[in-house]
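The next block holds one structure in the form of C-alpha cells; read it before the comments.
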Amino acid sequence: MNGIFAAMFALSALLFLIFDPSGFLPALLKGGEKAVSLALSLMAAYCVWLGFFSVMEKSGLNRLLARGLRPVLSRLFRSKDERALSAACCSVSANLLSLPGAPTPLGIEAVRRFLEKGNTFGANMLFVLNAAGIQLMSTTAITFRLAAGSLTPADTVLPTLLATICSAVLAVTLTFLAQKRPRGKPKRA
C-alpha cells in the first residue's frame, strides 16, 4: 500500500512540476499544513476518549457496566467470564464512539480470554460486532468535518447510526445462523 501511495505522489509531483512548476512548492506546503492541522485535531479527539476509557478502567466503571450488561453480553458472547465480558464491553463501547485505535487492545484482551476458555463463538461474535460496529457518535467523521470548516459537523450522526445498526443486526444474525450446531450422538440401528 505504501508503494502505491508513493507512486501516486511521485506521479502527481511530476505532473505538477511539468504543468505548474511555480505552484508546486506552495501547494506542497499548504497540503502539509492541512495534514498537520488535521492530525492534531484527530489526536486531540482520540486523547479525550482514550483518557475517558483509561479512567473508566481504573475506576472500575467498565466492570460495573459489564456487570449491568452481563445478562445481554453473556447471552450474546456465550460467556460467563466477567473479565472477558468487561474487555468486550469496553471494546464495543469504544467502537460505539468511533475510535478506531481504542477497540483493538481491548478486543485482543477479550478474544484472548474467550479463547482461553474455548469460546470461539464469543471471539467470533466480538470480531463481527467490531467489524460491523454500531456508531452512536462518529467522532472521527465529526472531527474531520470540524477541521474542514463544516458549519454542521454532526449532520452525519443519524444516517451513520441507522446504517451501522442495520449492518450490526445483520452481522449478529448471520453469526448466530452460521455457527456450528452441536451434534447429538448418532442413533444405532
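The values are calculated or read from the model by the stated rules, or taken from the named source; none is laboratory data. Predicted, not measured: the structure shown is a model, and the values here were computed from it. Cβ placement follows ideal geometry from the backbone for every residue including glycine, while neighbour counts extend to all protein chains displayed.
Annotations
- Residue match in the stretch 12-20 (condition: assigned to a helix (DSSP H, G or I) and surrounded by fewer than 10 Cβ atoms within 10 Å (Cβ to Cβ)): yes
- For F53: the one exception among (1) at pLDDT 85 or above; (2) within 25 Å of T104 (Cα to Cα); (3) hydrophobic (A, V, I, L, M, F, W, C): (1)
- Subset of the stretch 42-73 (residues that are among the small types (G, A, S) and over 14 Å from V92 (Cα atoms)): A44, A45, G51, S54, S59, G60, G68
- Long-range neighbours under 6 Å by Cβ, at least six apart or interchain, first residue surrounded by 12 or more Cβ atoms within 10 Å (Cβ to Cβ) within the stretch 158-170, second of a type in the set (S, T, N, Q) and not in a helix (DSSP H, G or I): T160/Q135; T160/S138; T164/Q135
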